[in-house]
1. As a test, work out the antiparallel percent of DSSP beta bridges whose residues both lie in the chain, rounded to the nearest 5.
2. Taking 0.36 nm per residue of sequence separation and subtracting the Cα-Cα distance, how much length would be gained by fully extending the chain between S71 and E18, in nm to one decimal?
3. With every protein chain kept in place and ligands, DNA and RNA left out, what is the accessible area per residue of the range 1-71? Probe 1.4 Å, answer in Å².
4. Anyone know which of T98, T133, T109 comes out most mobile in the 10 Å Cα GNM of the chain?
5. Using a Gaussian network model of the chain whose springs link C-alpha atoms within less than 10 Å, name the residue from A52, A128, A73 with the highest mean-square fluctuation.
6. Tell me the Kirkwood radius of the chain: reciprocal of the mean inverse pair distance over distinct alpha-carbon atoms, in Å.
7. Note down the relative contact order for the range 1-120 as a percent, whole number, built from C-alpha pairs under 8 angstrom at least six residues apart.
8. Taking a cut-off of 16 Å, what percent of all Cα-Cα pairs in the range 68-119 are separated by more than that?
Amino acid sequence: MAEKSKLTKEGYKKLENELRDLIDNVREQVKKQLAEARAQGDLSENADYDAARARQAEVEGRIKQIEEILSNAEIISDSKNTNKVSLGSTVCVKYLETGKEYTYMIVGTVESDPFNNKISNACPLGEALIGKTVNDIVDVKGKTVNKVQILKIENK
């Protein structure tokens with residue numbers, strides 16, 4: 001059995017919307033591209049046809065991937081416990097070495113997007129923060145060990 005994918009309600013909805021768009025819109029666009037490429041004649045040296053087939057494989061692969069994620073999804077329940085960091089928490093931390101503050105949302109690996117400050121519970125920082133409380137100082141193990149202090153925890 002596949003491992004459960006932990007998702008926030010927002011992440012689940014986003015994947016559902018992406019799946020609907022791929023099935024209802026993108027798949028149809030690719031079918032039209034294939035038909036247009038076939039109409040050009042000889043398929044053995046038809047770059048448009050090859051590109052459309054590649055795009056079709058990409059779209060179908062993504063559809064299958066999303067369906068698998070959604071079928072094994074575990075929705076992270078809203079936690080009103082503002083005392084501890086958990087999946088779905090937004091956490092403000094201060095790196096003690098530099099004094100810089102950052103805010104991250106702790107999400108499952110599927111939703112992880114470090115460029116938008118959504119970090120996985122399985123990454124070193126996320127793993128170190130889970131279960132901790134405000135003012136805790138935690139060691140984040142990576143190439144070097146960083147110490148961070150939890151300044152604020154928000155659970156929606």
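1. 75 percent
2. 17.6 nm
3. For the range 1-71, the per-residue accessible area is 70 Å².
4. Of T98, T133, T109, the most mobile in the Gaussian network model is T98.
5. Largest GNM mean-square fluctuation: A52.
6. Evaluated over the chain, this radius sits at 18.2 Å.
7. That works out to 31 percent.
8. Of all Cα-Cα pairs in the range 68-119, 52 percent lie more than 16 Å apart.
The values are calculated or read from the model by the stated rules, or taken from the named source; none is laboratory data. Since the structure is predicted, the reported quantities are computational estimates derived from the model, not experimental observations. No Cβ is skipped: glycine too gets one built from the backbone with ideal geometry, and neighbour counts run over all protein chains shown. Heads up: the accessible areas ignore ligands, DNA and RNA and are worked out on the full protein's heavy atoms, side chains in. Shrake-Rupley method; radii C 1.70, N 1.55, O 1.52, S 1.80 Å.
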